[in-house]
Structure formats: C-alpha cells, structure tokens
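**Q** Structure below; questions to follow.
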Amino acid sequence: MEIRKARVQGFCFGVAITVKKAEEAIASRNDVTTLGHVVHNPQMVTSLQERGLKNAQSVDDVDAGALFVRAHGLPVEVFETAKSKGLEIIDATCPMVTKIHVQAEKLKADGYKIAVVGDPNHPEVKGTLSHVPGAWCIETVDDVAKLPRASRVGVVVQSTYSRERFMDIVRAMSARYYEVRAVNTICTDTNNRQTEAITLAKQVDVMVVVGGKTSANTKHLAELAEMQGAKAYHIEGPDELQAEWFDGVKIAGLMSGASTPGWLVDAVEKKMESFAPVLV
Ligand code: SF4
C-alpha cells in the first residue's frame, strides 16, 4: 500500500504560536489558567495540563494569576471580567481571528447589518459575535430564508468554515438582499488544507484524517474527502486505526487538521505502514 501524505501537516501557524506561548507561560509560573482546551487535540491538552496549565470552564472560576487566551479568542465581556478581577491576560488569539473581528467591526461602522457565518456554539464564533452586538449568526444555507429583512448586509465567516458552504450562503444572501458585502475570512491554512483534501482524495481509495473529534476544520476535511469519493476516517490517534480499513487498498491518503501536532501524524503513518508494506 502506498501512503500519500498531504503537503500541509501538523499545527497551523496560529496553533503553533498558541502552544508556544502556553509552554513559555507554564515554564515560568504555575498560576496560568485557560478556558476550555487550548487546542482541539487531546494529546496536546494532556501534555500541557501535566506541565501545569490549569483549566476552567468560566472566568468566574478564576480568581488569581493569569488568564491564557487560546487561538480562538474570547468574547469581549470575558476580557472585561478578567480585567476587573485583576487577572493578567496572556493573549494568544490567532492574528487571523483578530482580523475577523476587525473586518466585522469595520463593516458595522460602514452601516452594514452583520452576519457571521459559522457554528454559533464554537468559541471563535462566540468571540466574533461579541465584537458586533446584534449580529446574525448563520450556520447553514437553510438559515438564510429565515433571516429578517435588511437592505445592506455585511458577512464574515468562521476561520475554519467550509469554503463551498460559505459560497452557497453568500449566493443565497445575494438573492435575498439588495446589497451583500462578504469578506472571505476563512484563514489561509484552512483554505490550503481544504484544497489539498480535494486534490488528494481524488488520488486515493481511503483517506485518514487526524485531528480532535471536536475540531471543526478536521471534520470538514473528512467531509471533503468523502465528497470526492474516498472513504474517509477521522481519527484522533494511531490506536483507532483498523487493519481492515486498508484491505485491498492500493493508495491511502493521510492528512491532519490544524490543531494536530506533526509527531502524531508521523505515529499514524507508522501504524498504517505496519498494516501493509510500503510500495516505493
Ligand atoms: S486554523 Fe487558521 S484561524 Fe485557526 S488558529 Fe489556525 S491559522 Fe489561526
């Protein structure tokens, strides 16, 4: 069996910066708390916790020390509460996420009704919505028909959203509103991985996508591979691989989500190789 690996593997630059900042913070102090998991990757989360990173569900549960802001960012109100409690803030919000906040605020200042495309329960989307109070959140193209009336609508999108679905939503909105100004804020890394998922999936029988089960961008990659006709398996690590997935398979693809460390992809590749000799 030949294993074809996507060119883009391992952490995206935003997650790499976040992990580096978290590692630096916990190396020098033992009072750093993050809200939710720093990255959508259970192995990395455990490693950081073992080295002293604390975890809380709400800023209300953090009374001292430093609040670590992960790549997704945090809602404006949480920053304000943290400041009012005297917490130090270590802000590792990904610059691409900050750019979405800035674009949404600019559109609002220009008089557009704001629509944020994405999962309303995703922390990044919650953060973006907090920057433009009163904005609509659109999760799927079916939501467009249910939106209230408006004339000028400004649209931004979750950094890891599916490119095709975003285009469908923008098309549906353009048919409904007089003016739609859409800024494609899907980040470069997500764009590159989605393009590679499509290209690679056309060449393989089976695609293995490595990433946390809660990772939106990893889920989209697996969906994209399936849409190209490849059988896709979304796994968190090598232990989930099953030999029978590769029965009769000549070429298997391997790619990862933005929050998957490179060493984990290598471990998955090694286990895949053990199922069948690699053809050179
Ligand atoms: S996926 Fe994109 S927006 Fe999210 S952390 Fe990575 S580079 Fe930043």
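**Q** Does the range 132-149 include one or more residues that are of a type in the set (A, V, I, L, M), crowded, with 20+ Cβ neighbours inside 10 Å, under 23 Å from T214 (Cβ atoms) and within 16 Å of the ligand (Cβ to nearest atom)?
**A** Checked the range 132-149: no residue is of a type in the set (A, V, I, L, M), crowded, with 20+ Cβ neighbours inside 10 Å, under 23 Å from T214 (Cβ atoms) and within 16 Å of the ligand (Cβ to nearest atom).
**Q** Next question, about the same structure. Filter the range 21-59 down to the residues that are within 16 Å of the ligand (Cβ to nearest atom) and closer than 30 Å to Q203 by Cβ and list them by number.
**A** If the condition is that a residue be within 16 Å of the ligand (Cβ to nearest atom) and closer than 30 Å to Q203 by Cβ, then V39, H40, N41, M44 are the ones that fit.
**Q** Take V209 and decide whether it is under 23 Å from T160 (Cα atoms), surrounded by 19 or more Cβ atoms within 10 Å (Cβ to Cβ) and in contact with a strand residue (DSSP E or B) (Cβ under 8 Å, 6 or more places away or on another chain).
**A** When the stated conditions are applied, V209 passes them.
**Q** Collect the residues in the range 108-129 that are free of Cβ contacts under 8 Å to residues at least 12 places away in the same chain and either under 13 Å from the mean Cα position of the chain (by Cα) or assigned to a loop (DSSP other than H, G, I, E, B) (or both), keeping them in residue-number order.
**A** N121
**Q** Go through the range 150-171 residue by residue and tally those that are surrounded by fewer than 19 Cβ atoms within 10 Å (Cβ to Cβ) and touching an Asp or Glu at 6+ places or on another chain (Cβ under 9 Å).
**A** Of the residues in the range 150-171, 2 are surrounded by fewer than 19 Cβ atoms within 10 Å (Cβ to Cβ) and touching an Asp or Glu at 6+ places or on another chain (Cβ under 9 Å).
**Q** Restricting to the range 183-201, count the residues that are among the hydroxyl-bearing types (S, T, Y) and in contact with a Lys or Arg (Cβ under 9 Å, 6 or more places away or on another chain).
**A** 3
**Q** With the condition being basic (K, R), in contact (Cβ under 8 Å) with a residue 60 or more places away in the chain and under 25 Å from V265 (Cα atoms), I'd like the strands (runs of 3 or more DSSP E) fully within the range 1-82 carrying at least 2 qualifying residues.
**A** It comes to 2-5.
**Q** For the range 91-114, give me the residue count where each residue is away from the ligand (no atom under 16 Å from the Cβ), touching a strand residue (DSSP E or B) at 6+ places or on another chain (Cβ under 8 Å) and not aromatic (F, W, Y).
**A** Of the residues in that region, 6 qualify.
**Q** Could you please find all residues in the range 4-20 being more than 10 Å from the ligand (Cβ to nearest atom) and surrounded by fewer than 22 Cβ atoms within 10 Å (Cβ to Cβ)?
**A** Passing the criteria: R4, K5, A6, R7, V8, Q9, G10, K20.
**Q** When you scan the range 165-280 for helices (runs of 4 or more DSSP H) that lie fully inside it, which ones turn up with 2 or more residues that are out of contact with any His (no Cβ under 7 Å at 6 or more places or on another chain), closer than 30 Å to I138 by Cα and at pLDDT 95 or above?
**A** Of the helices (runs of 4 or more DSSP H) lying wholly inside the range 165-280, those with at least 2 residues that are out of contact with any His (no Cβ under 7 Å at 6 or more places or on another chain), closer than 30 Å to I138 by Cα and at pLDDT 95 or above span 188-201, 216-227.
**Q** Could you please let me know if E105 is modelled with pLDDT under 95 and not in a loop (DSSP other than H, G, I, E, B)?
**A** no
**Q** Here is a follow-up. With the requirement that a residue be touching a helix residue (DSSP H, G or I) at 6+ places or on another chain (Cβ under 8 Å) and closer than 25 Å to D189 by Cβ, what does the range 165-178 give you?
**A** R165, D168, I169
**Q** Going by what's in this entry, would P133 be described as within 23 Å of the chain's Cα centre (by Cα) and outside any helix (DSSP H, G or I)?
**A** Considered against the rule, which asks whether it is within 23 Å of the chain's Cα centre (by Cα) and outside any helix (DSSP H, G or I), P133 comes out as yes.
**Q** Please find, within the range 83-115, the residue that is farthest from R149 (Cα to Cα) out of those that are surrounded by fewer than 20 Cβ atoms within 10 Å (Cβ to Cβ) and of a type in the set (G, A, S).
**A** Here the answer is G86.
**Q** Considering the range 115-124 alone, what residues qualify as being within 12 Å of the ligand (Cβ to nearest atom) and either at pLDDT 95 or above or among the hydrophobic types (A, V, I, L, M, F, W, C) (or both)?
**A** Of everything in the range 115-124, those that are within 12 Å of the ligand (Cβ to nearest atom) and either at pLDDT 95 or above or among the hydrophobic types (A, V, I, L, M, F, W, C) (or both) turn out to be G118, E124.
The values are calculated or read from the model by the stated rules, or taken from the named source; none is laboratory data. From a predicted model like this one, the values you see are computed outputs, not experimental measurements. Cβ: placed from backbone, ideal geometry, glycine included. Neighbour counts: every protein chain shown.
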